[in-house]
1. Against the condition at pLDDT below 95, more than 21 Å from residue 416 (Cβ to Cβ) and outside the structural domain of residue 221 (by TED's automatic domain parsing), how does residue 513 come out, does it pass?
2. Pairs needed: first member in region 360-380, in contact (Cβ under 8 Å) with a residue 40 or more places away in the chain; second member anywhere, in a loop (DSSP other than H, G, I, E, B) and surrounded by 13 or more Cβ atoms within 10 Å (Cβ to Cβ); C-beta distance under 6 Å; at least 6 residues apart or different chains.
3. Got at least one residue in region 343-351 being under 22 Å from the mean Cα position of the chain (by Cα), surrounded by fewer than 18 Cβ atoms within 10 Å (Cβ to Cβ) and farther than 22 Å from residue 168 by Cα?
4. Look through region 266-290, keep the residues that are more than 21 Å from the chain's Cα centre (by Cα) and within 21 Å of residue 324 (Cβ to Cβ), and return whichever of them is surrounded by the most Cβ atoms within 10 Å (Cβ to Cβ).
5. Kindly list, by first and then second residue, each pair from a residue in region 130-149 that is assigned by TED's automatic domain parsing to the domain that holds residue 499 to a residue that is part of a helix (DSSP H, G or I), limited to pairs with Cβ atoms under 9 Å and residues at least 6 apart or on different chains.
6. Does residue 491 satisfy the condition of being part of a strand (DSSP E or B), touching a helix residue (DSSP H, G or I) at 6+ places or on another chain (Cβ under 8 Å), within 21 Å of residue 248 (Cβ to Cβ) and touching a residue at least 60 places away in the same chain (Cβ under 8 Å)?
7. Determine which single condition residue 392 fails, assuming it passes every other condition in (1) touching a residue at least 12 places away in the same chain (Cβ under 8 Å); (2) in the same structural domain as residue 176 (by TED's automatic domain parsing); (3) in a loop (DSSP other than H, G, I, E, B).
């Protein structure tokens, strides 16, 4: 795909043009100056729109039959007599067959198979080995192009965009997501920036009182874990109950333990207290698929609110939220669904909607609770509560189209799941360690493997080891998540449609070398076992000019701040200067 030259252009036509259904929106390779050429052409066409007859439009269409229609502005009498936009995302279709009857691109028989051939559809640096889709996702080039066009549309008339324009497509995205995740109604879905924000919104909307209890896990994601801590700190009479989840384990053991834990919490809770359980659908670290539907059912049977952190779920597993029994479900669309970051959604059931009284920040649409307010107006509040860029939310439309075109959800899930399992086994063999989940019952598209540190390697330097692993991986132009669990260092490796088994082999050999280097550096440091982590950093061989990387979401205390001057590799700013126009 030649994304740099095969650019997509939208003809912003006038009201009169929209009353005729011209096929004036095409895609063409205009070369390096394509943007200015196409915009000039479309403006000229729009300026004489009153004088172009229907036959004239047909002539234009016939003259540029090799171009592809990518969208249509149309007049909607039900929306304030303004134009709305139906966006159709097409590349040059050399890998797709255009279906004139259904006006869509369908998968071509010669579309590249999943694996390294799919790298051409992403804008990774040449040679970068990306085995960490789970943290931030990755945006296909064609969706990047569409997002850029949405930005142009936004800047063409910002008042129109923010007062009227973004609303119809945003509602459309919510409708698409509602169907995709099995919601009963579009008003069960609202958009937010990421799962951490969404979980914080949900938990802060509960009206906490003395005796209420929040249940979390030792593996609850860092920001959510600390949000719960904050709620307790500001409401000391709200208790925290923690369920210890240790891997390796089995689904049966988790459910048996969860049943006991819920029973004990319920039995000891004060009369009339509220119990809210925060459940992961897929744990972040370790990257493990949980029996969350069964866990939610246990909560429901006990009268416990179930708030599901589904950050990694949408795009990685099929969802039927209306049938799940959960009260809330929050998931990031930019991770596994290929939307632009940051983009997430909150789903709430009919009963739990009344919990949601306000957005954060509180919207100007907020209405105080009272007898004259029969129900919350949370949907209106989420629609606009301050100036943001709606492009990530609107990109969900293109992400869903993209996934359909490349084969659909089942094909994507099957490829990534099989690769994760086989890749994990290959990785463990190379490093002479073991997979956390040898039977694959917790594995979807992420697999966890023990790193090849010696058994007597000190575990007293968590932050230092984490920093060394991060920096040394990035120095070799690759990345996979590393974490510490149950007295062992692990890697969480994501399998995506651009990966192949050989990627796991390369990573395994790199880890053998990197872990060996860290052990030697640790031995050379000769630090007493009770020393603080920061004392190890002065001995580490950091490739990025002494930078120390540390993720506080992993519960690590960063020994010293990472600054812009220390974190970028030498020559990076020179590279940026060279590519600026």
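The values are calculated or read from the model by the stated rules, or taken from the named source; none is laboratory data. As the structure is a computational prediction, the values presented were derived from the model and not from experiment. Because the Cβ atoms are built from the backbone with ideal geometry, glycine has one as well, and the counts that use them run over all protein chains shown.
1. Considered against the rule, which asks whether it is at pLDDT below 95, more than 21 Å from residue 416 (Cβ to Cβ) and outside the structural domain of residue 221 (by TED's automatic domain parsing), residue 513 comes out as no.
2. 378/356
3. no
4. 277
5. Listed pairs, sorted by first residue: none to list.
6. Yes.
7. Exception for residue 392: condition (3).
Here's the yes/no breakdown for (1) over 30 Å from residue 120 (Cα atoms); (2) under 20 Å from the mean Cα position of the chain (by Cα):
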{"residue": "143", "(1), (2)": "no, yes"}
{"residue": "165", "(1), (2)": "yes, no"}
{"residue": "182", "(1), (2)": "yes, yes"}
{"residue": "200", "(1), (2)": "yes, yes"}
